[in-house]
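Below: one structure, written as structure tokens.
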Amino acid sequence: MRRSASLLQVLLVFTTMVKTQWSTVSGIYCKEMSPNVYRPHSVTITEFGAIGDGVTLNTKAFQNAIFYLNSFADKGGAQLFVPAGKWLTGSFGLISHLTLSLDKDAVIIGSPDSSDWPVVDPLPSYGRGRELPGKRHQSLIFGSYLTDVIITGANGTIDGQGAIWWGWFHNHTLNYTRPHLVELMYSTNVVISNLTFKNSPFWNIHPVYCSQVLVQHVTILAPLNSPNTDGIDPDSSTNVCINHCYVRNGDDVIVIKSGWDEYGISFAHPSSNISISNITGETRGGAGIAFGSEMSGGISEVRAEGLHVVNSLQGIRIKTAPGRGGYVKNVYIADVSMDNVSIAIRISGNFGEHPDDKYDRNALPMISNITIKDVVGINVGVAGILEGIHGDNFSNICLSNVSLSVQSAHPWNCSLIEGYSNSVIPESCEQLRSNCRQTSDCYDGSSSSAIHGQEPRDTLSTSWLLNPLMKFALF
């Protein structure tokens, strides 16, 4: 009895140490970030002549309000409040030490006139617009070299009216790459929370070259057939936390990027220290969580847990190609539920186009130390398609405790990969049949434990699929 009590004490002490260490390191950034920062100065957009009738163009009102609030940046910062109404606007920029706050019945609406979205230079890590050579349209809400920026509300809405842009895309009448809804560049201490983003012309939330970014409690909506309406795209960014979000869109729910071919290699800004938790997503054109295909600056130290993917093309996806260079490594994905997903896990070594013909065909990506565990799926088409590159096998791909109800008679298709597996149903492909319990090569996520999100991850097991009502409890 004494021995049992002693063992229990040891376990309790160990658990306390782990929790304390986890809490301490996570407090370095995301834990200290909040949308509820007091701003001593506040104005309402109507004070600058804005009219919320959904017809009047309010770009000047937003620009003038923010210009005025800039005088308070060194006096504790300021808040711009958007009350109930439909506020039509073109692109406008933010400033440091600012909170943009929306009433629950406020809708910021993007102008349907492309001239209200200025044309700007391409990102240096891409070398050109993502869709077309040359420049690109500026996002609806943008900022560069900022610190302490909050975009929040009582679940107010930002609507990009993307249908007109999707039509131009399908008709091949675009002159420049489509704009995002929100893009912040070279910025730190960014919080985006408690909002609904709808109908983005292109990607929804795009922090690029940023650090200390928290995205939480957001809903992202777009038609399932809308082109390239990615949800949240951390790009060449570090110390990023994404949690408690619902995304239903036409492309990847969450996708991590870091530049495109020779431009991304040269710019050399990796994405790292990224925590993702408690995400529910539905997409017919992408994956619940994806990496790349623009990953030339490198992606590492990613921890994703509590992912629920339904009615989607893919569950987990890594995309790359010869010429990308860079790496995707030290990725830990756990506690994943899937229902009605065509391909549960897909790794593609020959995906996507190139920005131009100047890329180095010998720049091969390194894909290594990818751990996927505690996954359950029902109504899954194919368990996995895992394809490396000739002369560049993808290594240390580790699957553990994966149980998939698969419709295909050939559940796995693997080539040019190496790794391990344990407790995988249906049995994994031959290349992964060494037992991961008997090797130390599998990445356990420990080096990314410092990047856990602001809130503790809900204790959700893969039994979530057995009780569909549980997913609604998240929101």
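The values are calculated or read from the model by the stated rules, or taken from the named source; none is laboratory data. Predicted model, so just to flag it, every value in this text is computed and none were measured. Here the Cβ positions follow ideal geometry from the backbone for every residue, glycine too, while neighbour counts run over all protein chains shown. What goes into the accessible areas is simple: the full protein's heavy atoms, side chains included, and nothing from ligands, DNA or RNA. Shrake-Rupley method; radii C 1.70, N 1.55, O 1.52, S 1.80 Å.
A single member of Pro179, Pro207, Pro201, Pro234 is open to solvent by less than 30 Å² (accessible area, probe 1.4 Å) and either modelled with pLDDT under 95 or touching a helix residue (DSSP H, G or I) at 6+ places or on another chain (Cβ under 7 Å) (or both), and it is Pro201. Filtering the stretch 267-287 to residues that are open to solvent by 10 Å² or more (accessible area, probe 1.4 Å), assigned to a strand (DSSP E or B) and over 17 Å from Thr238 (Cβ atoms) leaves only Glu282. On the stretch given as the stretch 322-348, residues that are touching a residue at least 60 places away in the same chain (Cβ under 8 Å), open to solvent by less than 20 Å² (accessible area, probe 1.4 Å) and over 17 Å from the mean Cα position of the chain (by Cα) total 8. Exactly one residue among Gly384, Gly352, Gly388 is modelled with pLDDT under 95, closer than 18 Å to Lys319 by Cβ, in the same structural domain as Lys319 (by the TED database) and within 24 Å of the chain's Cα centre (by Cα), and that residue is Gly352. Consider the stretch 352-371 and keep the residues that are in contact with a strand residue (DSSP E or B) (Cβ under 7 Å, 6 or more places away or on another chain) and part of a loop (DSSP other than H, G, I, E, B). The one that is least open to solvent (accessible area, probe 1.4 Å) is Pro365.
Note on the stretch 215-241: residues that are within 13 Å of the chain's Cα centre (by Cα) and in a loop (DSSP other than H, G, I, E, B) total 7.
Among the residues making up the stretch 182-198, those that are in contact with a Phe, Trp or Tyr (Cβ under 9 Å, 6 or more places away or on another chain), farther than 18 Å from Gly110 by Cβ and buried (at least 19 other Cβ atoms within 10 Å of the Cβ) are Met185, Ser187, Asn189. Restricting attention to the stretch 147-165, the residues being outside any strand (DSSP E or B) and surrounded by fewer than 22 Cβ atoms within 10 Å (Cβ to Cβ) number 5. I want to confirm something. Restricting to the stretch 30-42 and keeping residues that are more than 27 Å from the chain's Cα centre (by Cα) and closer than 11 Å to Thr99 by Cβ, which single residue is surrounded by the most Cβ atoms within 10 Å (Cβ to Cβ)? Taking the candidates together, the pick is Arg39.
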